[in-house]
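Colleague: Sharing a structure, written as structure tokens. Questions coming.
The values are calculated or read from the model by the stated rules, or taken from the named source; none is laboratory data. Since this is a predicted model, take the numbers as computed values, not measurements. In this analysis, Cβ positions are derived from the backbone assuming ideal geometry, glycine residues included, and neighbour counts consider all displayed protein chains. These area figures cover heavy atoms from the full protein model, side chains too; ligands, DNA and RNA do not enter into them. Shrake-Rupley method; radii C 1.70, N 1.55, O 1.52, S 1.80 Å.
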Amino acid sequence: MRRLAVAAALGIVTAGSLTAGCTGGGKPADDGRAPEPRPTPSPTRSAQRTASALAVKVDNAAGARPHTGLDAADIVYVEQVEGGLSRLLAVYASELPKAVGPVRSARETDLELLRQFDRPTLAFSGAQTKLLPLIDRAPLHAEPPGRTLGAYYRATDRAAPHNLYLRPHHLMPSTPGEAALTPTGFTYGPAPEGGEPETTRTVRYPAARFTFTWDDSRDRYRVAMDGTAAVTTDGQPVAPSTVVVQYVRMRPSGYFDSRGNNSPYTETVGSGTAQVLRDGKSYEALWKRPDPDDGTRFTTADGEPVNFADGQVWVVLARAASRG
């Protein structure tokens, strides 16, 4: 069971986690966005990064499914990207699977979203050339392919770019622990009073949709992506215990893909409304994140915390104007 540990375990950050290396140089990346870096392996990797979360940018195109290692994530963020499609940002702290993927490229939205963690490691396949300096300056540890020898591999049963996978233990020799999630501001415990019965919820992007259906026999939500049940490559169901539909502002960014589609920027700092789904009920909530370094608090209108159930949490970042 995943429950946040006491925050006293925070603050244990090694010197190796205080800087993010350069992400430039080398051959073209897997998705043609920016060059992969030349290998610069660190012989002291085993002594680093043991107290901060691991975030992995996960491909969510049809050709990327089923995913690997997604069931082990503590938090899965769902983001809209170019063309109305979606990608996932999976955060690991209490468990590190043998492999995660397919891994794809980072977005500007990820940098602000990850500020709430304590200098996390970000694993990603590459990024637009103009975005690389922002990644270098962000308070995180960047891990694109080539940075740590052996961390990534190509699967032979899928075509590029949907075949790049991460071996988390090559970046983190030990599990960070649940305390690495404490900065999120999430609270876990009994459900708030009230709530409306709701056993199925669908969230739509222009070119993607997610359906969460409560399974009373498992005390979890079954996930369907574009109408297909989500399972991992080893047959495990992707089944969060809590689903948060967080209504946020999306605006055009200064970045475009190779086809000229604008990459939307999702604002996760500020305030707004949300719906928290747990135990087969829907709870109206308010969210607030005053500063990029703050976690996101979900509360009732009276200011009481809206607790999450133990287990995996999905946070679906939905356009505020599209609620209905």
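Colleague: In whole percent, and with a 1.4 Å probe on the protein chains, what portion of the accessible area of segment 116-255 is carbon and sulfur?
Modeller: Roughly 50 percent, rounded to a whole number.
Colleague: Calculate, axis by axis, the spread of Cα positions in segment 224-281 along the three principal axes, and write the results as whole Å, longest axis first.
Modeller: 38, 31, 17
Colleague: Quick one: which residues, 5+ away or cross-chain, put their amide H under 5 Å from the amide H of A138? H built at 1.01 Å from N.
Modeller: Long-range HN contacts for A138: none found.
Colleague: Something else: At 7 Å along Cα-to-Cβ for each site, give me the label-to-label distance between D294 and L134 in nm.
Modeller: 2.2
Colleague: Take the Cα atoms of segment 180-283, build their convex hull, and give its volume per residue in Å³.
Modeller: 177
Colleague: Sort segment 145-214 into rounded, prolate or oblate with this rule: let a ≥ b ≥ c be the square roots of the eigenvalues of the Cα gyration tensor; rounded if a/c is under 1.5, and if a/c is not under 1.5, prolate when a/b is larger than b/c, oblate otherwise.
Modeller: It comes out oblate by the Cα gyration axes.
Colleague: Let me ask something additional. For segment 178-324, with only Lys/Arg (+1) and Asp/Glu (-1) charged at the beta-carbon, what is the dipole magnitude about the Cα centre, in debye rounded to 20?
Modeller: It comes to approximately 680 debye.
Colleague: Let me ask something additional. Please identify the GluC sites (Glu not before Pro) of segment 161-239 that satisfy two criteria: DSSP loop assignment and at most 13 other Cβ atoms within 10 Å. Which are they?
Modeller: Filter output for segment 161-239: E193.
Colleague: So between T156 and E196, what do we pick up on full extension, going 0.36 nm a residue minus the alpha carbon distance?
Modeller: Roughly 9.7 nm would be gained on extension.
Colleague: Once the dipole of segment 193-300 is set up with Lys and Arg at +1 and Asp and Glu at -1 on Cβ about the Cα centre, which of M250, S217, G195 lies farthest towards its positive end?
Modeller: Result: M250.
Colleague: Along segment 236-246, what does the Karplus equation 6.51 cos²θ - 1.76 cosθ + 1.60 (θ = phi - 60°) give for ³J(HN,Hα), rounded to whole Hz, x for Gly and Pro?
Modeller: My calculation for segment 236-246 gives 7, x, 8, 9, x, 8, 9, 10, 10, 9, 9 Hz in order.
Colleague: N262 label point, 7 Å along Cα→Cβ, cut-off 20 Å on backbone N: hits in segment 274-318?
Modeller: Residues 317-318 fall inside that zone.
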